[in-house]
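*Asks:* Structure provided below as structure tokens; questions to follow.
The values are calculated or read from the model by the stated rules, or taken from the named source; none is laboratory data. Quick caveat: nothing in here was measured; it's all calculated off a predicted structure. Here the Cβ positions follow ideal geometry from the backbone for every residue, glycine too, while neighbour counts run over all protein chains shown. Protein only, heavy atoms only, side chains kept; ligands, DNA and RNA dropped before computing areas. Shrake-Rupley method; radii C 1.70, N 1.55, O 1.52, S 1.80 Å.
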Amino acid sequence: MKSKALITLLSDGAVHSGESLATALGVSRTAVWKQIRRAMEEGFRIETIRGRGYQLLSTVDLLDRDDILAELAPETRTGLSLRVLDEVDSTNAEVVRQIANGVDGVPVTIADCQTAGRGRRGRAWSSPRGQNLYLSMGLTFHGGFAVLDGLSLVLGVAVANALEGLGAEGIGLKWPNDIFLPQGKLGGILVELQGELQEGVVQVIAGIGINVHMADAKEVDQPWSSLGGFYPGQSWSRNRIAAAIINAVQDSVRIFAEYGFQEFRAPWQQRDIFAGRSLQARDGTVNGMGCGIDEGGNYLVRTESGTVAVRAGEISLRVSP
């Protein structure tokens, strides 16, 4: 965001004259006006008050690397390589580039906006500027691909724990990788394998998107919700949310690596929005009642001919119409 310094000055909600802004930014008043126009094009609502100056009407929640680091647990902070960007094609893709360049520590990328954000099955991920959290982490596991069974569900539990710790009650999980509120989808998780780097070592990119302040998304074709919209009486900081999620993911990954998926099965099932509902596979091959997950994180559907275990890589489930 090229106008970040200007928005920071206006973020107190007061009226600021063009002259005072120009002095603070070290630019001309004409340059201030250009920055005002640019900020408005980026989606900020700024009122021009004749004879007085400019007033920011939008809620401002700027990302700040130092604020995020300050909220992290000391043991997490020291082993992290954190990048906070104004704009990126995809936070997952940026973490891949960090790894390719020999990053030191656990690579984490957070962006204010994504121009090519991706969800599961290659779907576009709505990534408006300044409204939501777009975060990706590089995670390393030992033991080969087999140790990753249930990882997306583990991350779902971690994200739910983080959000509930900040005051978001009623977080639901939709198999295999979505975060839900009663009104609709709150966020999602995209896990991408980077291959076995050496014998028994697997690199995973975990992308996490959470709707924080989003109030309009005409391009989204399903019911959705946001933290600010569902909990209007609370103040939501993207920096605090990011730090809470990073802390929770790091803690969960340590437990998962040592004890496996069994530690997360019950917490996931407590939040299962499919449980007891009539389900249908998108390809029509499975119809039945949702009854939780097995020891490997596969979803169990009770059909007329018996219980079927559905793997995340095979088909996608939905509630029957």
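*Asks:* Only residues that are among the aliphatic types (A, V, I, L, M), without any contact (Cβ under 8 Å) to a residue 24 or more places away in the chain and either more than 30 Å from D64 (Cβ to Cβ) or crowded, with 17+ Cβ neighbours inside 10 Å (or both): list them for segment 239-297, please.
*Replies:* Scanning segment 239-297 gives A266, A275, M289.
*Asks:* Consider E169 carefully, then state whether it is assigned to a helix (DSSP H, G or I) and among the acidic types (D, E).
*Replies:* no
*Asks:* What number goes with the only condition from (1) surrounded by fewer than 16 Cβ atoms within 10 Å (Cβ to Cβ); (2) closer than 28 Å to E94 by Cα; (3) of a type outside the set (F, W, Y) that L227 does not pass?
*Replies:* (1)
*Asks:* Considering only residues of segment 1-19 that are over 25 Å from L63 (Cβ atoms) and assigned to a helix (DSSP H, G or I), which is farthest from the chain's Cα centre (by Cα)?
*Replies:* Ranking the qualifying residues of segment 1-19, first place goes to E19.
*Asks:* Quickly run through segment 176-191 and pick out the residues that are more than 12 Å from the chain's Cα centre (by Cα) and surrounded by 23 or more Cβ atoms within 10 Å (Cβ to Cβ).
*Replies:* Once the filter is applied, which keeps residues that are more than 12 Å from the chain's Cα centre (by Cα) and surrounded by 23 or more Cβ atoms within 10 Å (Cβ to Cβ), segment 176-191 yields P176, L181.
*Asks:* Determine the pairs where a residue that is acidic (D, E), located within segment 165-189, has a partner that is open to solvent by less than 10 Å² (accessible area, probe 1.4 Å) with Cβ atoms under 6 Å apart, the partner being 6 or more residues away or on another chain.
*Replies:* Within 6 Å, the pairs are D178/G188.
*Asks:* Regarding A93, is this residue in a helix (DSSP H, G or I), touching a residue at least 12 places away in the same chain (Cβ under 8 Å), small (G, A, S) and more than 26 Å from A248 (Cβ to Cβ)?
*Replies:* no
*Asks:* Hey, does segment 116-137 have a residue that's within 27 Å of D64 (Cβ to Cβ) and without any contact (Cβ under 8 Å) to a residue 40 or more places away in the chain?
*Replies:* Looking for residues that are within 27 Å of D64 (Cβ to Cβ) and without any contact (Cβ under 8 Å) to a residue 40 or more places away in the chain, one finds at least one in segment 116-137, hence yes.
*Asks:* Still on this structure: Just to verify a result, which residue in segment 138-148, among those that are part of a helix (DSSP H, G or I) and in contact (Cβ under 8 Å) with a residue 12 or more places away in the chain, is least open to solvent (accessible area, probe 1.4 Å)?
*Replies:* Step by step, filter segment 138-148, then rank; the result is L148.
*Asks:* When residues of segment 255-273 are filtered for being touching a Lys or Arg at 6+ places or on another chain (Cβ under 9 Å) and of a type outside the set (D, E, K, R), how many remain?
*Replies:* Summing the residues that are touching a Lys or Arg at 6+ places or on another chain (Cβ under 9 Å) and of a type outside the set (D, E, K, R) in segment 255-273 gives 1.
*Asks:* While we're here: Which residues, counting only those in segment 97-130, are open to solvent by 10 Å² or more (accessible area, probe 1.4 Å), under 18 Å from V191 (Cβ atoms), modelled with pLDDT of 80 or more and within 13 Å of the chain's Cα centre (by Cα)?
*Replies:* Q114
*Asks:* OK, next. If you check L151, L173, L133, L80, which single one turns out to be more than 15 Å from the chain's Cα centre (by Cα) and buried (at least 23 other Cβ atoms within 10 Å of the Cβ)?
*Replies:* Being more than 15 Å from the chain's Cα centre (by Cα) and buried (at least 23 other Cβ atoms within 10 Å of the Cβ) holds for just one of L151, L173, L133, L80, which is L151.
*Asks:* Only residues that are crowded, with 16+ Cβ neighbours inside 10 Å and assigned to a strand (DSSP E or B): list them for segment 22-71, please.
*Replies:* I46, G53, Y54, Q55, L56
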